Amino acid sequence: MTHRLAVLISGAGTNLQAILDHIAAGDLPATVSLVLSNRPAANGLAVARDAGVPVVVIDHRDYPDRETFDRAMIERIDAHGADTVVLAGFMRILSAPFVAHYRGRLINIHPSLLPRYPGLDTHARALAAGDAEHGCSLHFVTEQLDGGPLIARAAVPVHENDSVETLSKRVQQQEHRLYPLVLRWRAEGRLQLTDQGVELDGEPLPAEGLRVDATP
């Protein structure tokens, strides 16, 4: 059976587009069974519709609290079937019951070299700190914000004349390469979260995850 992905978005959907492109190219043996957004005007919804992917919008403003909203998402995600739930620019903190429901199947990408700079404004924080490198990280999601077990990271150099915009663009290029790669590992049954930690091909990964930088 083809590995099914449910992709959650709040914005432009650039990582969604990269995932769809890799599926179309035949190097990601998966299908996107659902794209769900909490924002009705999210540009990524058009990306999904253009690809013929089922779309669901669940506006968080229509729900009295986070848990009720998350239960509504669980109902729709499970109705479409999802072997992996992919957070691709989904700008909501998830409740503990949601995270527990998808434990080991819930993956997020974050625009920093975790554990550095969890949360927002990562590019500005890297520039302010004078970091020599910056990047992105993929991790399994736990209740700790941006603190789940790391799977892989990709770094880019920080140039002296970088702005938030130029650095963000360079990191995003790595996101578009790294996310489909990690999802391929999932689709091939190679990547698992166990009680002992993250395993790839049955071998434990280091706490900092795999370093998967681009070839120079």
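Listing for the model above:
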| read-out | value |
| --- | --- |
| Loop-located GluC sites (Glu not before Pro) in segment 124-194, at most 12 other Cβ atoms within 10 Å (DSSP) | Glu160 |
| Shape call, the chain: gyration tensor on alpha carbons, a/c limit 1.5 | rounded |
| Modelled FRET efficiency - R0 45 Å, Arg125 with Thr2, Cβ distances, 0.05 increments | 0.70 |
| The chain: most fluctuating residue of Ser163, Ser137, Ser95 per GNM, C-alpha cutoff 10 Å | Ser163 |
| Nearest-ten-degree value, helix 14-25 long axis tilted from longest Cα axis of the chain | 80 |
| Long-range HN-HN contacts of His134 with modeled amide H, under 5 Å | Val156, Val158 |
| Helix axis angle, 164-187 relative to the chain longest principal axis, alpha carbon, degrees | 50 |
| Per-pair calculated FRET efficiency, R0 = 45 Å: Ala132 and Ala96 via Cβ, rounded to 0.05 | 0.75 |
| Distance (nanometres) between label positions extended 7 Å along Cα→Cβ at Ala12 and His159 | 1.8 |
| Candidates Ala128, Ala155, Ala96: whichever shows maximal mean-square fluctuation once the chain is modelled as a Gaussian network with Cα springs under 10 Å | Ala128 |
| Trypsin sites (Lys or Arg not before Pro) within segment 186-216: DSSP coil, no more than 14 neighbouring Cβ in 10 Å | Arg190 |
| FRET E, pair Glu188, Glu143, Förster distance 25 Å, beta-carbon r, rounded to 0.05 | 0.35 |
| Euclidean distance of C-alpha centroids, segment 1-70 and segment 188-210, integer Å | 25 |
| Cα gyration tensor shape for segment 1-117, rounded if a/c is under 1.5, else prolate or oblate | rounded |
| Acute angle (nearest 10 degrees) that the helix 66-80 long axis makes with the longest principal axis of the chain, alpha-carbon atoms | 70 |
| Beta bridge orientation in segment 3-211: antiparallel %, DSSP, nearest 5 | 45 |
| In nm, spacing of pseudo-spin labels at Ala207 and Arg66 (7 Å Cα→C-beta vector) | 2.6 |
| GNM result for the chain, Cα springs below 10 Å: residue of Gln196, Gln17, Gln173 fluctuating most strongly | Gln196 |
| Helix-only [θ]222 nm of the chain, DSSP H runs n ≥ 4, -39500 (n - 2.57) each, per residue, nearest 500 | -10500 deg cm²/dmol |
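Each reported figure results from applying straightforward, stated rules to the coordinates on display, with no laboratory input. If you're wondering where the values come from, they're calculated on a predicted model, not measured in any experiment. No Cβ is skipped: glycine too gets one built from the backbone with ideal geometry, and neighbour counts run over all protein chains shown.
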